[in-house]
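Chemist: Shown below is the structure under consideration.
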């Protein structure tokens with residue numbers, strides 16, 4: 001952990017303190033990514049191509065592998081399987097094998113997975129704002 005009074009490397013300016021909206025506690029007071037930093041944990045949870053779309057689909061309720069493939073037809077079965085495995089290992093989803101013939105597996109968000117909903121909403125809003133800002137600048141520059 002770096003102290004607030006430690007000088008920055010190079011020509012960086014160091015403020016007298018952390019912005020408490022961005023760094024509400026000491027876990028965020030770091031100069032490089034840490035596995036215990038809440039921001040890094042949140043980014044890792046939604047990281048990886050297709051992960052946010054898969055989480056979005058599961059926000060609507062339990063889904064089978066086939067339902068997820070139908071909802072995201074460009075997602076290969078291999079990548080879907082990899083993402084589901086990772087989300088299950090991270091305890092963001094649970095897999096339940098349904099009885100019957102043929103049996104199938106149903107995937108649902110855990111309580112931890114549900115906590116990602118506000119993050120996904122804010123990521124969408126932020127991305128939309130960035131797209132609007134970028135197109136506004138491109139339109140003004142004549143490109």
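Chemist: I need the full set of residues from the stretch 70-87 which are without any contact (Cβ under 8 Å) to a residue 24 or more places away in the chain and surrounded by 15 or more Cβ atoms within 10 Å (Cβ to Cβ), in order please.
Modeler: 71, 72
Chemist: Something else now. With a cut-off of at least 2 residues that are over 22 Å from residue 123 (Cα atoms) and at pLDDT 95 or above, name the helices (runs of 4 or more DSSP H) lying wholly within the stretch 1-113.
Modeler: 65-71, 77-89
Chemist: Additional query: Test residue 97 against the criterion of being without any contact (Cβ under 8 Å) to a residue 12 or more places away in the chain, touching a strand residue (DSSP E or B) at 6+ places or on another chain (Cβ under 8 Å) and farther than 30 Å from residue 21 by Cα, and give yes or no.
Modeler: Against the criterion (without any contact (Cβ under 8 Å) to a residue 12 or more places away in the chain, touching a strand residue (DSSP E or B) at 6+ places or on another chain (Cβ under 8 Å) and farther than 30 Å from residue 21 by Cα), residue 97 qualifies.
Chemist: Please tell me if residue 119 is farther than 15 Å from residue 46 by Cα and in a helix (DSSP H, G or I).
Modeler: When the stated conditions are applied, residue 119 does not pass them.
Chemist: Something else now. Can residue 132 be described as on the phi < 0 side of the Ramachandran plot, touching a helix residue (DSSP H, G or I) at 6+ places or on another chain (Cβ under 8 Å) and part of a helix (DSSP H, G or I)?
Modeler: Against the criterion (on the phi < 0 side of the Ramachandran plot, touching a helix residue (DSSP H, G or I) at 6+ places or on another chain (Cβ under 8 Å) and part of a helix (DSSP H, G or I)), residue 132 does not qualify.
Chemist: How many residues are surrounded by 11 or more Cβ atoms within 10 Å (Cβ to Cβ), more than 30 Å from residue 71 (Cβ to Cβ) and touching a residue at least 24 places away in the same chain (Cβ under 8 Å) when one looks only at the stretch 13-56?
Modeler: Adding up the residues that qualify gives 2.
The values are calculated or read from the model by the stated rules, or taken from the named source; none is laboratory data. Small disclaimer: the values here were computed from a predicted structure and weren't measured. In this analysis, Cβ positions are derived from the backbone assuming ideal geometry, glycine residues included, and neighbour counts consider all displayed protein chains.
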